[in-house]
1. Does residue 367 meet the test of being over 20 Å from residue 486 (Cα atoms) and either in the same structural domain as residue 471 (by TED's automatic domain parsing) or at pLDDT below 95 (or both)?
2. Look at residue 294 and say whether it is in contact with a helix residue (DSSP H, G or I) (Cβ under 6 Å, 6 or more places away or on another chain) and either assigned by TED's automatic domain parsing to the domain that holds residue 211 or not in a loop (DSSP other than H, G, I, E, B) (or both).
3. Which one of these is more than 20 Å from the chain's Cα centre (by Cα), free of Cβ contacts under 8 Å to residues at least 40 places away in the same chain and closer than 23 Å to residue 388 by Cβ: 353, 346?
4. How about region 298-402: which strands (runs of 3 or more DSSP E) wholly inside it have at least 3 residues that are crowded, with 18+ Cβ neighbours inside 10 Å?
5. May I ask you to list the residues in region 35-46 that are touching a residue at least 60 places away in the same chain (Cβ under 8 Å) and either within 28 Å of the chain's Cα centre (by Cα) or not in a helix (DSSP H, G or I) (or both)?
6. Exactly one condition in (1) over 18 Å from residue 227 (Cα atoms); (2) part of a helix (DSSP H, G or I); (3) in contact with a helix residue (DSSP H, G or I) (Cβ under 9 Å, 6 or more places away or on another chain); (4) in contact (Cβ under 8 Å) with a residue 12 or more places away in the chain is not met by residue 12; state its number.
7. All but one of (1) buried (at least 20 other Cβ atoms within 10 Å of the Cβ); (2) free of Cβ contacts under 8 Å to residues at least 40 places away in the same chain; (3) within 12 Å of residue 76 (Cα to Cα) hold for residue 31; state the number of the condition that does not hold.
8. Is it the case that region 97-105 has a residue that's at pLDDT below 95 and out of contact with any helix residue (DSSP H, G or I) (no Cβ under 7 Å at 6 or more places or on another chain)?
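The values are calculated or read from the model by the stated rules, or taken from the named source; none is laboratory data. Keep in mind that this is a model prediction, so the values were computed, not measured. Reconstructed Cβ throughout: ideal geometry from the backbone, glycine too, with neighbour counts over all protein chains shown.
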């Protein structure tokens with residue numbers, strides 16, 4: 001199956017049904033298909049070759065979603081650039097991809113002006129929105145192009161999408177995802193989403209992220225329209241969930257945390273909302289419980305990685321409704337395998353560990369990437385005998401539910417003991433005065449290797465000191481796991497995916513030191 005088959009099919013079955021909603025404008029399935037074909041012809045006329053990269057540096061935009069399909073129809077590879085990066089990171093990704101054409105948000109033209117001399121591979125720039133003088137607009141680029149499929153052979157094994165890993169540790173790597181990867185993952189995942197052609201899916205997470213990309217594909221696959229927001233704005237999201245007929249949405253945990261802090265959330269009517277999907281980073285148990293009470297709809301957790309085309313396991317809405325001790329336990333899990341995926345937990349020797357034992361999570365499925373762009377060694381390290389080694393530490397219970405303990409790179413080694421920050425963070429979020437928290441390992445001068453430090457954001461108008469935090473942790477954790485020190489900060493640094501940038505938190509403490517876990 002090709003990505004283009006999604007729009008082609010629905011343009012035949014429901015040509016006038018809405019496919020994309022943006023502010024007060026609507027694209028039907030016919031409109032979206034025709035625009036994707038026009039973009040494909042424009043790319044080919046611009047000299048974009050089969051399996052050549054087209055870089056996109058933009059916030060969410062109708063042209064961005066169209067580019068997913070237009071690049072695919074041209075046999076090109078849409079290469080998404082995280083717009084929250086710094087200039088050197090923009091340069092790295094744009095040059096690493098070897099793209100010759102850049103689709104650019106008008107907001108980022110000043111960024112491009114700063115870095116263009118460092119990106120000699122880019123020969124042409126096309127601008128979404130109000131293009132400044134000297135730059136062709138996206139509408140101009142598509143003008144007068146035919147609205148039919150281009151005559152260029154495309155295979156389901158062709159790469160359709162290149163997503164760069166977040167770079168929370170080390171240099172970003174370009175994960176190459178084929179038409180087959182994307183189509184299979186969307187079809188397998190949609191079975192758990194309770195989507196239909198009468199649904200409406202709000203996308204406010206960035207399309208440069210795999211979670212937003214795959215959810216958009218899932219909605220369109222079922223014939224449901226995508227309501228696209230340019231970026232996440234808590235007040236606008238609540239307004240849309242209440243008043244625009246939204247039945248489904250994707251919210252990363254940090255977004256849920258922000259929404260719960262809006263004062264009038266308890267006065268809102270979310271009766272049309274059927275399901276909230278969440279994932280991309282861990283969610284504290286207490287935050288999840290508050291969200292379930294506030295929205296009153298079904299919740300679905302998706303666990304996976306960019307390298308696996310987003311989703312490997314899901315904790316379904318039914319799982320979230322389980323009662324008693326089992327229900328409380330399941331809310332801390334990442335769910336069970338989606339159709340076609342196989343997940344194992346293994347030791348350092350690659351052999352499966354016993355049920356309940358901790359190890360590294362590995363997986364194989366039709367969604368596992370073709371590899372990392374121009375990184376054969378990293379590809380061989382990540383994919384071994386068809387299995388993707390995720391770098392996540394977890395365990396399986398006797399029902400097949402997966403529990404993610406932490407990232408192996410975030411593990412703290414203190415006095416020979418392995419300490420997993422997420423376990424401590426779960427405890428911290430249970431304190432009534434804690435708004436946000438992250439736990440890191442810092443150097444220990446007494447020969448213990450590392451010691452635990454908690455970074456805490458206080459809730460407004462609350463009092464909380466270091467001694468109180470440590471005492472609270474001692475009520476719930478073994479002594480060696482408890483923080484030895486606490487920093488109170490204004491904000492936990494996160495990327496737009498909601499993942500805590502622990503390397504940024506650790507950096508000031510590790511100058512002149514070497515971590516055992518990098």
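1. Criteria not met by residue 367.
2. Numbers: in contact with a helix residue (DSSP H, G or I) (Cβ under 6 Å, 6 or more places away or on another chain): yes; either assigned by TED's automatic domain parsing to the domain that holds residue 211 or not in a loop (DSSP other than H, G, I, E, B) (or both): yes.
In short, yes.
3. One residue alone meets the criteria, 346.
4. By residue number, 298-303, 313-315, 359-364, 387-396.
5. Kept after step one, since they are touching a residue at least 60 places away in the same chain (Cβ under 8 Å), are these residues of region 35-46: 35, 37-42, 44-46.
Selection gives 35, 37, 39, 40, 46.
6. Evaluating residue 12 over (1) over 18 Å from residue 227 (Cα atoms); (2) part of a helix (DSSP H, G or I); (3) in contact with a helix residue (DSSP H, G or I) (Cβ under 9 Å, 6 or more places away or on another chain); (4) in contact (Cβ under 8 Å) with a residue 12 or more places away in the chain leaves (4) as the failure.
7. (3)
8. no
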